[in-house]
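Chemist: Have a look at this one.
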């Protein structure tokens, strides 16, 4: 009788574990989607640490306004990008946040030129909860600096 009881308990526990989603996994709040917006550079701040000129550890902070001109001429949000130089040329490691009307999207990665780069979508909040994918930024105008931003979300 005792042996049968423990087999029933073990079987019930296995059934519960099989029926419940695995606690470490989570589903994205956003399905596959493409977001096309433009950004206008508002401010670029460079913090020169160590030797004069570009050197490892120097920081660049870029603030931008976001627009979807197909919908409204008004700004729909803003973005901030913080980059740290890792060599004396141009390679930098960056983290950023795109603040949109229905949530935020966090991005990160490395880039050589701010005129054209790809970053990984690391996650998000609100509508973009747990988003994944990539963001491609392409410079379209020099002064004032304006970029085309294409976010490819995979879920």
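Chemist: Got a number for residues in region 17-37 being modelled with pLDDT of 85 or more and in a loop (DSSP other than H, G, I, E, B)?
Modeler: Residues meeting the conditions: 1.
Chemist: Now for a separate question. Among the residues of region 106-150, which ones are closer than 14 Å to residue 64 by Cβ and touching a residue at least 40 places away in the same chain (Cβ under 8 Å)?
Modeler: Within region 106-150, 114, 137, 140, 144, 145, 146, 147, 148, 149 meet the criteria.
Chemist: Considering each of 65, 90 in turn, give the residue that is buried (at least 16 other Cβ atoms within 10 Å of the Cβ), touching a residue at least 24 places away in the same chain (Cβ under 8 Å) and within 22 Å of the chain's Cα centre (by Cα).
Modeler: 65
Chemist: When you check residue 40 against the structure, is it touching a residue at least 24 places away in the same chain (Cβ under 8 Å), surrounded by fewer than 17 Cβ atoms within 10 Å (Cβ to Cβ) and part of a strand (DSSP E or B), yes or no?
Modeler: Criteria met by residue 40.
The values are calculated or read from the model by the stated rules, or taken from the named source; none is laboratory data. Keep in mind it's a predicted model, so treat the numbers as computed, not measured. Neighbour counts run over all protein chains shown; Cβ positions are idealised from the backbone, glycine included.
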